Amino acid sequence: MNPIKAESAQSSEPMKLQNVEDVYPLSPMQQGMLFHSLYEPGSGVYLIELGCRIDGKLDIPAFKRAWEEVVRRHTVLRTSFLWEGLNKPMQVVRQTVTLPWREEDWRGYSEPVQKDKWKDLLAADRRLGFDYKQPPLMRFVLVKIGEESYYFAWNCHHLLLDGWCRQIVLGEVLTIYEAYREGRKPELNRPRLYRDYIAWLQKQDESKAEVFWKKELKGFRTPTSLGIARERLELRKGEEERSKVAIRLPADVTAKLDELVRKRQVTLNAAVQAAWAILLSRYSGDKDVVYGGTVSGRLDTSAGFDQVVGLFINTLPVRAQVNGDEPVSHIINRLWDFQRRALEYEYSPLLKIQQWSDISPGVPLFESILVFENYPIDAALRRESNRKELKLSEISNFESANYPLALEVQPGPELALTFHYSTRHFDHESLEPMMSHLRMVVEEMSRDVEMKVGEVCLLSAREREQLLVEWNGRGEGAGGRC
């Protein structure tokens with residue numbers, strides 16, 4: 001194939017590229033990620049890491065070949081990014097790439113030492129970063145820890161794909177692996193190209209999106225502050241950029257919440273967002289709050305992108321009016337209605353939305369985001385691996401975004417809530433109580449969704465007892481401190 005040429009911004013001479021299959025622009029989300037990644041080199045921002053333990057008779061050559069075949073099938077997994085000397089950044093699909101595959105043997109170490117070494121290996125790998133000009137923007141490591149036991153990790157940059165894609169990619173890897181083990185040729189449909197999505201984006205009517213977002217954000221001028229962030233700190237050498245605080249709600253509370261959304265015919269996402277909005281209002285003291293909500297970008301089934309591997313997610317502003325004298329159910333209903341109306345504009349570039357808003361230039365619309373995981377990878381991985389005579393366990397996920405605080409919500413028998421935060425902006429001591437307060441809001445909501453917003457108490461029974469003691473056992477004023 002002849003080299004594809006890209007015009008330089010500084011010269012009319014074409015830039016020749018070798019081993020190239022395709023060249024096309026970035027999506028708005030990719031442009032934002034590339035900008036932030038280049039702005040903070042070495043920060044590990046936008047890294048996606050999947051780690052697990054594999055037990056069973058793993059055919060290592062077949063497993064590696066399966067990954068190579070999936071990379072061959074999907075153009076975005078062979079993509080690099082160029083920006084220097086160009087009018088706009090471009091993504092370049094290479095015809096062939098070499099898989100960065102690493103194998104180690106730790107059978108000589110005890111199990112506790114193996115676990116420590118694995119933790120250290122993952123942490124060190126996160127700090128390596130990627131060369132965006134050199135594909136693939138992925139790395140693999142397979143460590144033998146027993147005769148039929150392994151640690152495995154797949155790291156990639158968020159520029160290539162989103163969480164939705166992981167189940168597609170891993171499902172294909174295990175299906176192809178099974179075919180290779182049995183000496184068969186894999187039978188999978190030819191995948192649709194990511195460039196089709198870029199072409200679809202360029203056909204969308206931006207003027208309609210502008211009208212929608214201007215109306216939604218009219219009059220909002222001051223970003224919602226949590227009030228617990230600290231001045232940006234410089235980290236010590238080796239200190240992690242990101243950390244997390246996580247809890248799981250009891251099964252009975254989760255069941256009540258599920259029943260609530262079924263009866264009211266709203267989504268669990270809308271209910272959790274209402275709880276988050278109430279908490280933001282309490283912490284900020286504002287009745288009008290805005291936070292970021294991550295959307296899949298694939299819910300418009302008419303576009304046909306549900307099985308395409310690439311970056312489709314987008315982060316959009318969510319505005320919530322929180323009035324103390326109205327029922328919690330009213331907030332849930334408004335957020336559910338917004339989700340349905342905003343579906344048509346999921347493609348909207350956040351940079352443009354920022355410009356259409358009343359926020360001052362250079363000031364972010366929001367500092368926290370909520371990510372609702374529609375397809376938890378843990379369950380999907382275990383389900384797929386059980387059919388391949390492999391047992392996957394100790395599954396770990398790591399994602400790093402550029403926002404100071406991200407609330408991740410994972411549905412299941414026990415609803416999982418996780419704060420992913422920048423250690424430059426927050427500490428564990430301030431976010432742990434906030435997580436406890438979020439849990440209390442959700443529990444209160446699950447007990448009585450018609451209670452007034454102002455009556456929702458953030459304090460646990462123990463905290464209320466301590467507060468009563470502070471007020472000399474009389475409890476005067478304690479109700480207002482909930």
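The values are calculated or read from the model by the stated rules, or taken from the named source; none is laboratory data. Please read these numbers as outputs of a predicted model, since none were measured by experiment. Because the Cβ atoms are built from the backbone with ideal geometry, glycine has one as well, and the counts that use them run over all protein chains shown. Please note that ligands, DNA and RNA were not included when accessible areas were found on the heavy atoms of the full protein model with its side chains. Shrake-Rupley method; radii C 1.70, N 1.55, O 1.52, S 1.80 Å.
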Practice item. For region 149-164, state whether one or more residues are open to solvent by 50 Å² or more (accessible area, probe 1.4 Å), more than 27 Å from the chain's Cα centre (by Cα) and farther than 22 Å from Thr98 by Cα. Key: no
Revision key, fill the gap. Quick count over region 287-315, residues being surrounded by fewer than 21 Cβ atoms within 10 Å (Cβ to Cβ) and at pLDDT 95 or above, is 2
Exercise for review: Please specify each residue of region 176-192 satisfying the condition of being in contact with an Asp or Glu (Cβ under 8 Å, 6 or more places away or on another chain) and touching a residue at least 40 places away in the same chain (Cβ under 8 Å).
Suggested key: Ile176, Tyr177, Tyr180, Arg181, Pro186, Leu188
Review point. Restricting attention to region 261-274, does a residue exist that is of a type in the set (A, V, I, L, M, F, W, C) and outside any helix (DSSP H, G or I)?
Key: yes
Review point. Which of the residues spanning region 128-143 are in a loop (DSSP other than H, G, I, E, B) and in contact (Cβ under 8 Å) with a residue 12 or more places away in the chain?
Key: Gly129, Phe130, Tyr132, Lys133, Gln134, Pro135, Pro136, Leu137
Exercise for review: Might you check whether a residue that is modelled with pLDDT of 95 or more and surrounded by fewer than 21 Cβ atoms within 10 Å (Cβ to Cβ) occurs anywhere in region 270-278?
Suggested key: no
Review point. Just wondering, is there one or more residues in region 95-106 that are among the hydroxyl-bearing types (Ser, Thr, Tyr), open to solvent by 70 Å² or more (accessible area, probe 1.4 Å) and more than 30 Å from Glu187 (Cβ to Cβ)?
Key: no
Check your understanding: Right, Leu438: crowded, with 17+ Cβ neighbours inside 10 Å, in contact with a helix residue (DSSP H, G or I) (Cβ under 9 Å, 6 or more places away or on another chain) and within 30 Å of Gly129 (Cβ to Cβ) or not?
Key -> no
Review point. What number of residues within region 51-72 are free of Cβ contacts under 8 Å to residues at least 24 places away in the same chain and in contact with a strand residue (DSSP E or B) (Cβ under 8 Å, 6 or more places away or on another chain)?
Key: 0
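Here are some residues: Ile278, Ile313. Which one is hydrophobic (A, V, I, L, M, F, W, C) and in contact with a Gly (Cβ under 8 Å, 6 or more places away or on another chain)?
Values: Ile278 fails: in contact with a Gly (Cβ under 8 Å, 6 or more places away or on another chain).
Ile313 is the lone residue from the list that is hydrophobic (A, V, I, L, M, F, W, C) and in contact with a Gly (Cβ under 8 Å, 6 or more places away or on another chain).
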Point to revise | Residue in region 175-189 that is of a type in the set (A, V, I, L, M, F, W, C) and surrounded by 20 or more Cβ atoms within 10 Å (Cβ to Cβ) present | key: yes
Exercise for review: Please identify the pairs in which a residue from region 353-372 that is free of Cβ contacts under 8 Å to residues at least 12 places away in the same chain has its Cβ atom under 9 Å from the Cβ atom of a residue that is in a loop (DSSP other than H, G, I, E, B) and open to solvent by 10 Å² or more (accessible area, probe 1.4 Å), counting only partners at least 6 apart or on another chain.
Suggested key: Gln354/Pro361; Gln354/Val363; Gln354/Pro364; Gln355/Pro361
Review point. Just a yes or no: is a residue in region 468-476 modelled with pLDDT of 90 or more and not in a strand (DSSP E or B)?
Key: no
Exercise for review: Answer yes or no: is there a residue in region 109-122 that is under 27 Å from the mean Cα position of the chain (by Cα) and touching a residue at least 40 places away in the same chain (Cβ under 8 Å).
Suggested key: yes
Check your understanding: Taking the stated definitions as given, is Glu465 at pLDDT 90 or above and either over 32 Å from the mean Cα position of the chain (by Cα) or more than 16 Å from Leu280 (Cβ to Cβ) (or both)?
Key -> no
Practice item. Evaluate the following for Trp200: is it closer than 30 Å to Gln355 by Cα and either free of Cβ contacts under 8 Å to residues at least 24 places away in the same chain or not small (Gly, Ala, Ser) (or both)? Key: yes
